[in-house]
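The values are calculated or read from the model by the stated rules, or taken from the named source; none is laboratory data. Please read these numbers as outputs of a predicted model, since none were measured by experiment. Neighbour counts are summed over all protein chains in view; Cβ atoms, including those assigned to glycine, are modelled from backbone coordinates with ideal geometry. Heads up: the accessible areas ignore ligands, DNA and RNA and are worked out on the full protein's heavy atoms, side chains in. Shrake-Rupley method; radii C 1.70, N 1.55, O 1.52, S 1.80 Å.
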Amino acid sequence: MRVALLLIPLPFVNKFLLETGLLIACSVKMVVRTVDLRSDTVTKPTEAMRNAMANAEVDDDVLGYDPTAQRLEAEMARITGKEAGLFVPSGTMGNLISVLTHCQIRGSEIILGDYSHIHIYENGGISTLGGVHPRTVKNNEDGTMDLDLIEAAIRDPSFEICYPTTRLICLENSQAHSGGRCLSAEYTDKVGELAKKYGLKLHIDGARIFNASVALGVPVHRLVQAADSVSVCLSKGLGAPVGSVVVGSKSFIARAKILRKTLGGGMRQIGVLCAAAFTALQENLVKLEGDHRKAKILAAELNKIKGLKVDVATVETNIVYCDILKGSRISETELVKTLEQYGLLILPEGPLRVRFVLHHQISESDVHYAVSCLQRALAGVAEENGDK
């Protein structure tokens, strides 16, 4: 068989492709690299996690027989210094189960921060499903709530004919909306003492408690020592694909397990998920310090860019909030869309503010690339407005 080759000059090929719509115009930015800093929840399971999932020993966990789930729950209880643990699909469910377990009477009231994740980002589940009333106290910039304000928010039980009954105080460590700030063990102890003084319980939303532990150099069990319950997320900083673990006393977890079933969180062979979470705990805990270091590098470099401002001193863990100065002539949504063209993904965080979250799949090279994208984006805006 004879094959004839027709050689066509490249300019003619490009002209044909362009005219037929098969070649994208050069003016369109071609994304050749993606750096995803939207959250530490965007990580992909590692090869070790996938292997662990494939080889996990499993059984029916609703009946209480999944050995891999039992092993993960026991390990999380050990790390947090609590008696028992319970695997749940998400941190939101973990917090919801904890609140409802502590507040079994509808109309109960909990005290929590006005910027807390439970109050803002969990669909009002404690009220919708549990009839629990939230009473907010102002979060300070460091994520704490003033002790005197917490105490003042506790209802006087002698006037229960009108007031809801305060039953629980909730803290968040690290405090995401405050930029990943960490609550000290000493502060948490004082809140715990206040709770005991009034016969209340203390729950900690520990979605990023491992980040707080690494940043403060304090073991997790010490940070949550005063708490009656803790919800610990495994799919944020640690990078597991799914899951959180609620920890507390054996009696608390026994009640929580019933609520998990009620809420649709009882799953069968969950060892497949727990195996990945256990691997994440083993391989990524040691990487958190590096995530924090890279977050601080990013913060310092962003703060050098004209039109942006970062309070570098407040960056304690893996979250960086960046303010867009009003003279920059670009909104947070416009900046996010512009950066997408370069393959840099971030989230808007309110008027003239954006958020970056570091995780174990972001390299230092990625950080510098992110900085260069911001530099180009802000420079492009200045050029469009005739600024020098």
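Below are the figures for this structure:
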read-out	value
Leading residue at positive end of dipole, the chain (Cβ point charges), from Cys103, Leu200, Tyr121	Tyr121
Among (1) 156; (2) 138; (3) 203, the entry derived from the coordinates for volume of the Cα convex hull per residue in Å³	(3)
Average Cα contact separation per residue, the chain, under 8 Å, 6 or more apart, as relative contact order %	23 percent
Integer Hz, Karplus 6.51/-1.76/1.60 couplings in order for segment 188-198, x for Gly and Pro	4, 4, 5, 5, x, 5, 5, 4, 4, 4, 10
Most mobile of Ile120, Ile110, Ile324 in a GNM of the chain (Cα contacts under 10 Å)	Ile120
Under Karplus coefficients 6.51, -1.76 and 1.60, residue-wise ³J(HN,Hα) of segment 72-83 in Hz, glycine/proline x	5, 4, 5, 5, 5, 5, 5, 4, 8, x, 10, 7
Rel. contact order, % - alpha carbon contacts under 8 angstrom, at least six apart, segment 105-217	27 percent
Segment 165-262: chymotrypsin sites (Phe, Trp or Tyr not before Pro) in DSSP coil with no more than 15 other Cβ atoms inside 10 Å	Tyr198
Loop trypsin sites (Lys or Arg not before Pro), segment 259-332, which have at most 16 other Cβ atoms in a 10 Å radius of their Cβ (DSSP)	Arg268, Lys304, Lys306, Arg329
Nearest-10 value in Å² for the accessible area of Lys337, using the 1.4 Å probe	140 Å²
Anisotropy class of segment 198-242 from Cα gyration tensor, a/c 1.5 cut	oblate
Theoretical ellipticity at 222 nm over the chain - DSSP helices of four or more residues, -39500 (n - 2.57) apiece, nearest 500	-12000 deg cm²/dmol
Dipole magnitude of the chain about its Cα centre (Cβ charges: Lys, Arg +1; Asp, Glu -1), debye to nearest 20	560 debye
Cα-based helix-to-principal-axis angle, 10-19 vs the chain, degrees rounded to 10	60 degrees
Net charge contributed by nearby residues that have their C-beta within less than 9 Å of Leu168 (K/R +1, D/E -1)	0
Segment Thr165-Lys44, extension gain: residue separation times 0.36 nm, minus the distance between their alpha carbons	39.2 nm
Under 5 Å, built H, 5+ apart or other chain: amide partners of His133	Gly107, Ser108, Glu109, Ile110
Projected label distance in nm at Thr34 and Ser363, using a 7 Å step from Cα toward the beta-carbon	1.7 nm
Formal net charge of residues neighbouring Asp189 (Cβ-Cβ distance under 11 Å; K, R +1; D, E -1)	+1
